[in-house]
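The values are calculated or read from the model by the stated rules, or taken from the named source; none is laboratory data. Model, not experiment: these values are computed from the prediction. Don't worry about glycine lacking a Cβ; one is built from the backbone with ideal geometry, like all the others, and counts go over all protein chains shown.
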Amino acid sequence: MLVAFFHRLRDLFLSAIYKYDAVAAALDREATAAKKAKDWDRAITCLRKVNARRGEPSSVRLALYLQQAGRFDESMREFRGLVEAVEPTVNRSLAHATPNGRRASKATHLMQIYDKMALACRREKRVEDAARFAALANEQQAIRAEVSPLVKAERKKKIAEWRARWGIKP
């Protein structure tokens with residue numbers, strides 16, 4: 001009872017500050033509880049509802065739950081949907097960022113997705129597929145490592161411009 005009160009209080013606070021969906025958060029918690037109980041169908045249903053509320057696939061959890069439920073092909077389709085959603089999602093959410101900033105963010109997201117795809121394939125004993133997805137994750141990690149110093153330099157330059165504009169000393 002007390003825990004539910006604090007969850008509700010937190011949800012009200014966050015919804016006032018951020019674009020926070022308390023229903024999606026509750027469904028996320030329910031999915032986690034269902035996973036712990038090995039009730040994969042309920043967990044998958046909850047995560048599908050979360051995605052429907054948000055209007056896009058939002059995490060690798062659904063794909064991993066599908067794999068753990070023995071629905072590997074469906075899991076791979078979900079992963080492919082996540083990969084396809086990266087570019088438009090990053091472009092929309094980071095429209096203000098520099099091209100290098102968007103490139104680094106895309107690489108980070110793709111690296112995480114490919115890493116989890118490799119995990120799902122290892123669990124299914126699909127060694128060649130796991131190696132292929134691990135290699136793709138490594139490629140994205142290399143892109144991120146290449147672009148990160150550029151992003152940092154761009155950010156530093158932008159901060160210096162703002163400080164000069166507003167007369168703020170470093």
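Could you pull out the residue among Glu161, Glu128 that is exposed (fewer than 12 other Cβ atoms within 10 Å of the Cβ) and within 20 Å of Ser75 (Cβ to Cβ)?
Of Glu161, Glu128, the one residue that is exposed (fewer than 12 other Cβ atoms within 10 Å of the Cβ) and within 20 Å of Ser75 (Cβ to Cβ) is Glu128.
Checking Leu64 against (1) under 24 Å from Asp39 (Cα atoms); (2) touching a Lys or Arg at 6+ places or on another chain (Cβ under 9 Å); (3) modelled with pLDDT under 95, which test does it fail?
For Leu64, the failing item is (3).
Only residues that are part of a helix (DSSP H, G or I), under 14 Å from the mean Cα position of the chain (by Cα) and not basic (Lys, Arg): list them for region 29-75, please.
Leu47, Val50, Asn51, Leu62, Ala63, Leu64
On the given criteria, is Ala37 touching a residue at least 24 places away in the same chain (Cβ under 8 Å), surrounded by fewer than 20 Cβ atoms within 10 Å (Cβ to Cβ) and small (Gly, Ala, Ser)?
For Ala37, the condition - touching a residue at least 24 places away in the same chain (Cβ under 8 Å), surrounded by fewer than 20 Cβ atoms within 10 Å (Cβ to Cβ) and small (Gly, Ala, Ser) - is not met.
Name the one entry in Glu128, Glu87 that is without any contact (Cβ under 8 Å) to a residue 60 or more places away in the chain and over 14 Å from the mean Cα position of the chain (by Cα).
Only one candidate passes the filter, namely Glu128.
Check region 112-120 and report whether any residue there is closer than 25 Å to Asp21 by Cα and either in contact with a helix residue (DSSP H, G or I) (Cβ under 7 Å, 6 or more places away or on another chain) or not in a helix (DSSP H, G or I) (or both).
The answer is yes; a qualifying residue exists.
Take Ser59 and decide whether it is among the hydroxyl-bearing types (Ser, Thr, Tyr) and loosely packed, with under 13 Cβ neighbours inside 10 Å.
No, not satisfied.
Take the residues of region 76-104 that are of a type in the set (Ser, Thr, Tyr) and in a helix (DSSP H, G or I): which is surrounded by the fewest Cβ atoms within 10 Å (Cβ to Cβ)?
Taking region 76-104 and keeping what is of a type in the set (Ser, Thr, Tyr), we get 89, 93, 98.
From the residues that got through so far, the ones that are in a helix (DSSP H, G or I) too are 89, 93.
Details: Thr89: 17, Ser93: 11.
Among those residues, the one meeting the criterion is Ser93.
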